[in-house]
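This report refers to the structure that appears directly beneath it.
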Amino acid sequence: MSATLVKIVAREYRDSVSLMQLSAMLGKLPGVEQASAVMATENNLALLAEAGLRVDAKGAHASDLMIVVQGEKSALPAAIEEAMKSLTRQTEDNGGEARAALRPRSIQMALKVAGEANMALISTPGDYAAAEAMKALRLGLNVMLFSNNVSVEEELALKQFAREQDLIVMGPDCGTAIINGTPLAFANVVKRGPVGAVGASGTGLQQVTVLVDRLGSGISQAIGTGGRDLYQEIGGISMLKGLKDLANDPATQVIVLISKPPAPQVAERVLAEAAKAGKPVVAVFLGADPASIARKGVHAVKTLEDAARAAVAIVKGEKPRDSYADMPDLPAGLPKFADSQRYIRGLYSGGTFCYEATLLLGELLAEVHSNTPTRNAHELADVWQSHHHTLVDLGDDVFTRGRPHPMIDYRLRTERIVKEAEDPQTAVILLDVLLGYGSHMDPASEFVPAIHRARTAAASQGRSVAFVGQICGTAADTQDLARQSRALTEAGMLLTESNAQAVRLAAAIVAAGVLPRGGH
Amino acid sequence: MPWPQSESDGGRCATSHGRLGVPCVVRADRIGDRVPVFASGRVHSVFEHACNIETRTGELVTLLAQDLGNVPHGIRLAGPVAPFEPWLIPGQNAILDKVALRVSDAGMTVDLSGAAVWRGGVAAVAIDTRNATRAVALRELRTTLYECAPAQGFAPLLAAPASTRSSVDRAVAARLSHTLPLLARATEQRDVTAVAAAAARLVGLGPGLTPSGDDFIVGYLAALWSRAGHENGIDAMLHSLADSLAPLFLRTNAISRQMLSDAAQGRFAERLIDVTGAVAGMGDVVDATANALASGHSSGADTLCGLLFGYAPDMAMLAAPSSPHRPPGQPHLRAARLERRAGRAAALA
């Protein structure tokens, strides 16, 4: 006589094909006359009764999977066991390995899996980030805190605790680091080498590490601190720790410090420690007078490019120059802009690039406006509307609310490029192009069509616009630097080696009022 | 990176540089008009190309890969993505607002800012037996359905009830042979109570993640909504029916429940809508039917059985075409051609 065995699997959702395959497989097992894998709905339970199958499924719910086998009593337990194995196999086939890799649900669990890890990268909504960071610190881990929206008070508490444990907190809002040769978050693939960097600026770190790589040297460590670390309230705790670690690191020969101007007392403390590092230190505090920074053993420079060049010079045993800036020469006989075209419009995805550009342009030209204002530039009243020379950081919160950062999502920037080209006062559009992990996989694919649209818009009014930019990336970055450069150059963009050079070229163009070759 | 993307507009495998605090952003291109504007919930179920998120109010929002048709409660991604299964896990928290769906536990943000609203309304069809074009369209639908339907679900039982094999199949066939004439009569008489009574015998009935009976009811309701503009009494019946059917939907699982709830409000999946459009003369019936059949294993066929029944609620219309056609589940060359064209089956149901 036939028997029936039922197995209820709670809240098990499998697609119909899997359920059909399961039923078919069970039906073919020795001793099984019929099998069914259906949802445990009222009607299906009633149906089984109508079919003469005595099914005891008390407590079953419509969201449960019901496996029913009918046949020789002795064969049925093995059939159910096979069904369960099959469900498990399906799970594994559907990415079980990757799912297993994600299984740790806490830092403690992840630490067990990771073994000897000594750092945690935390990227959670800001409300939870500080608590997770503190958990990591208590477990003896250094922390890279990618999250933003962490309060100053929380940041201070984390960093003070870390200091007591001889650990570092990189962040919050730390977007870039290269630790033991591994790029973290937004970072480029650079050679390993003798230059160590500590920076309170993500794109600042990217510019310096990329240029060091291009100049033939390499990076030992690039340590991010978060943008507020050198505020009075925080006191530069992470920069001091990074400085100390690099000073003790035998692989680091030269240290580069990168920041906007720190609070005076913090700057004093950092520079005092730098002077005692026992190895050369290059400091670029954007906006600060290099003369006010220079100390014995501390070489002060004004731009990110100069910091990279000075560091590499020191590595090579050369005396670093105070400045590597040269105003570019434009050849004679170039076509003139229209009379109305007098201004530069800078559209940036990197906040530090925009800040550096505003500083440099403010020194070279009057009437510079920006949403990253400096002592020699005005605050832009309406970030959506350019006037005179305007430099906009499109990574500012006002632009990223509800949309991805412009390093990833180029829509806002490409729309703005066309808008600026339509303005009869625009002569030069200045851009930064970031490569590396985290950034857009093919910036040229976004920029080239936008440049063509912008040219068409300007041409329809009888004008031409020049495009100037720099690519912050290395030949080892996945975006293929050579291909990006070629595509952008063919589209007519004038590419320079650094942000500072791009700014100076743009200034030279508007000063001369001529359209260089490439700016069709 | 935990959310590998293949290319282009579907989004980038990238971090958002500390702004959103999550590592990956993907773009959506369509958002169904039944998707709530604000909701929080948890990942409910995950398939290769679809993921359901259950809101705190019990609704489902379905995240769909680009290659799936839209659904009224769905958010469809704009570009190719890796399978959902390894990355999204039931129980993960999710938050939906006007601009994004965030599954922070999976490190994923779906950017909704560029997504157009998709409305899942059916095409109006006038069922007039004197209309030769319409009759041809329905015959094409029936022929394609029975030629290409799989061996499971309602289609083979309706096509050849006498040839059923297992006792469970026989029980389903018996239930259908008893219930469908009641449903046909109730529909003809615009009798809401009787329609609900018949539907109660179908909800949650049969194989599949979305049981065949649920799929059948969805198709049936699609036909009624499609006919409503042309026939007296159907519109009023549908509005009363929504309230009468709602308690029945609690008898099935959450995925089916959402689909039925949408259907009761006149909202349907894109592939089913395409079939109604084709029957209305706005497309190729065979193509549309083949595409709809590619939904799930038997769900597409079960839904089309319901649609055909709703358009022509007499058993003669549901019976399999006479020779030389075979019973379902034995695809011949034409079916094989259609299967190839329809592509991979949707993983949702």
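Only the coordinates and a few stated rules stand behind these numbers; no lab work does. Just so it is clear, the structure is predicted and the values come from calculations on it, not from any experiment. With ideal geometry, Cβ positions are generated from the backbone for all residues, glycine too; neighbour counts draw on all protein chains shown.
Structure notes:
- Integer Hz, Karplus 6.51/-1.76/1.60 couplings in order for the range A:214-227, x for Gly and Pro: 5, 7, x, 9, x, 10, 7, 9, 10, 10, x, 10, x, x
- Considering only alpha-carbon pairs that sit under 8 angstrom and 6 or more positions apart, the relative contact order computed for the range B:183-262 is 32 percent.
- A DSSP coil position with no more than 16 other Cβ atoms inside 10 Å describes the following trypsin sites (Lys or Arg not before Pro) in the range B:133-202: B:R165.
- Taking amide H atoms as placed 1.01 Å from N in the peptide plane, the amide H of A:S201 lies under 5 Å from those of A:T225, each 5 or more residues away in sequence or on another chain.
- Set of the range A:436-466 residues, backbone N closer than 20 Å to the point 7 Å along the Cα-Cβ line of A:A251: A:437
- Peptide A:408-421 shows a mean partner chain C-beta count of 2 within 10 Å per residue C-beta.
- Net lengthening on full extension, A:K112/A:E497 (0.36 nm per residue, minus Cα-Cα): 134.1 nm
- Over 24 Å between alpha carbons, listed pairs A:K135/A:K241; A:K241/A:K279; A:K191/A:K260: A:K191/A:K260
- Its convex hull of Cα atoms gives the range B:27-156 a direction-averaged projected area, equal to a quarter of the hull surface, of 10.4 nm².
- Taking θ as phi - 60° and the Karplus parameters 6.51, -1.76 and 1.60, the scalar couplings of the range B:196-213 work out to 5, 5, 5, 4, 4, 7, 10, 4, x, 8, x, x, x, 4, 9, x, 3, x Hz in sequence order, x denoting glycine and proline.
- Scattering curve values for the range A:310-416, log₁₀ I(q)/I(0), Debye with Cα scatterers, q = 0.12, 0.19, 0.21 Å⁻¹: -0.56, -1.00, -1.08
- Beta bridge orientation in the range A:229-358: antiparallel %, DSSP, nearest 5: 10
- With N as its number of residues, the range B:214-279 has a Cα radius of gyration that, divided by 2.2 N^0.38 Å, comes to 1.08.
- Theoretical FRET efficiency, 1/(1+(r/R0)^6), r = Cβ-Cβ of A:R89 and A:D326, R0 41 Å, to 0.05: 0.05
- Distance histogram for the range A:398-462 (every C-alpha pair counted, 5 angstrom bins, percent rounded to whole numbers): 3, 17, 26, 21, 17, 10, 5, 1, 0
- Rounded to 5, the percent of DSSP beta bridges in the protein assembly as shown classed as antiparallel: 45
- Estimated translational D of the range A:435-503 in µm²/s (Stokes, Kirkwood radius over Cα pairs; 4 °C; 1.567 mPa s): 101
- Counts of other chain beta carbons within 10 angstrom of each beta carbon in peptide B:234-242 average 0.
- On full extension, the segment bounded by B:S166 and B:E188 gains 4.6 nm, given 0.36 nm per residue less the C-alpha separation.
- For B:203-215, mean number of other protein chain Cβ atoms within 10 Å: 6
- Sites A:T182 and B:R130 - FRET efficiency at Förster radius 60 Å, r taken between beta-carbons, to 0.05: 0.20
- Using alpha-carbon coordinates, inclination of helix A:411-422 to the longest axis of chain A, degrees: 40
- Largest first, the extents of the alpha carbon coordinates of chain A on the three principal axes equal 102, 62, 39 Å.
- Placed amide H near A:V368: partners under 5 Å, 5+ positions off or other chain: A:H378
- Packing-based ranking, highest mean first, of A:454-466, A:35-47, A:247-259 given that Cβ atoms within 10 Å are counted: A:35-47, A:247-259, A:454-466
- Put simply, the amide H of A:A120, placed in the peptide plane, has neighbours under 5 Å in A:N142, A:V143, A:M144, leaving out anything fewer than 5 places away on its chain.
- From the Kirkwood radius over Cα pairs of the protein assembly as shown, Stokes-Einstein at 25 °C and 0.890 mPa s returns a whole-number translational diffusion coefficient of 80 µm²/s.
- HN-Hα J in Hz across the range A:39-46 - Karplus 6.51, -1.76, 1.60, θ = phi - 60°, x for Gly and Pro: 6, 7, 7, 4, 5, 5, 5, 5
- 13 Å cut-off, amide nitrogen to a point 7 angstrom out along B:N232 Cα→Cβ, residues in the range B:183-215: B:190
- Treating r as the C-beta distance of A:K73 and A:R453 and R0 as 51 Å, the FRET efficiency rounds to 0.10.
- Neighbours of A:L211 by Cβ distance under 15 Å: Lys/Arg scored +1, Asp/Glu scored -1, total -1.
- Rel. contact order, % - alpha carbon contacts under 8 angstrom, at least six apart, the range A:403-520: 28
- Ratio Rg/Rh, restricted to the range B:46-87 and using Cα atoms, in which Rh is the Kirkwood radius: 0.97
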